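Input: a single structure, listed below in structure tokens.
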Amino acid sequence: MTKQDTTVDEEIAAISNVYAALKELEPEAQARVLKYVAEKLKIRDSMLGDDAASRQERSEDTSKDRKDEGATERREDASEELEGISPIAKKWMARNGLEPKKLSTIFSLGVDEIDLIAKTVPGKNKKDKMHNVFLLKGVAAYVGTGVARFTHEQVKETCLHYNAFDANNFIYNFKSLAGELSGSKDTGYTLTARGLTSATELVKSMSQTDTGD
């Protein structure tokens, strides 16, 4: 019998003895005995060869899989939140740091026709509220279609909902929107570049205070 064969036989005998000594013990006791013996014999993980390396590799693979799963779930959630939003509006949101979760407290995201749903609209009086309703209706259209255009009927209905419509002073109040709005009652209204800027600042302010919660 060669030296290598003798070594193998000794290892098999040692395994048998260790197994016989441990098999009747509880798992916790088995672990304590193995740990104690390893410490006494000064056995390091590096001496365990492929087994230790395999455990480390499996641990790293599991951690990577979990990270990949988490990233996939986040991408899927983001995709669902952005569903129905125009590509132009997505870029606008990214530029201005507007998150879908925040915007959903102001606008009805995820539906065919995005609209204003905030519980309240800022404004000290009907004139201020009407001004903000016009801006927000423009944003609602912009988010859904990429064009900040809406009809007189749509904005009037929304003004009535938010108690922002003053029939007697409508024309006077409408003049306060000069420069931020183009169009007319017959043709509909569209936010100008200046109007979209004002509307963006308004949306940022509302989203920060969670208006609509």
Rounded to two decimals, the Debye log10 I(q)/I(0) of the stretch 87-208 (Cα scatterers, no solvent) at q = 0.11, 0.14, 0.16, 0.17 Å⁻¹ is -0.32, -0.53, -0.70, -0.79
GluC sites (Glu not before Pro) in the stretch 91-173 lying in a DSSP loop, each with at most 13 other Cβ atoms within 10 Å of its Cβ, come to GLU113
Quick note on LYS175, LYS137, LYS185, LYS127, ordering by fewest other C-beta atoms within 10 Å, gives LYS175, LYS185, LYS127, LYS137
The residues LEU160, LEU191, LEU98, sorted from fewest to most surrounding Cβ atoms within 10 Å, come out as LEU160, LEU98, LEU191
Listing VAL133, VAL37 by rising number of other beta-carbon atoms within 10 angstrom, fewest first, gives VAL37, VAL133
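Over the stretch 87-208, what is the relative contact order in percent, taking alpha-carbon pairs closer than 8 angstrom and at least six residues apart?
27 percent.
Values quoted throughout were computed directly from the atomic coordinates according to the rules given, and no laboratory measurement underlies them. Here the structure is a predicted model, which means the values were calculated and not measured. Using ideal geometry, Cβ is built from the backbone for each residue, glycine included, and neighbour counts are taken over all protein chains shown.
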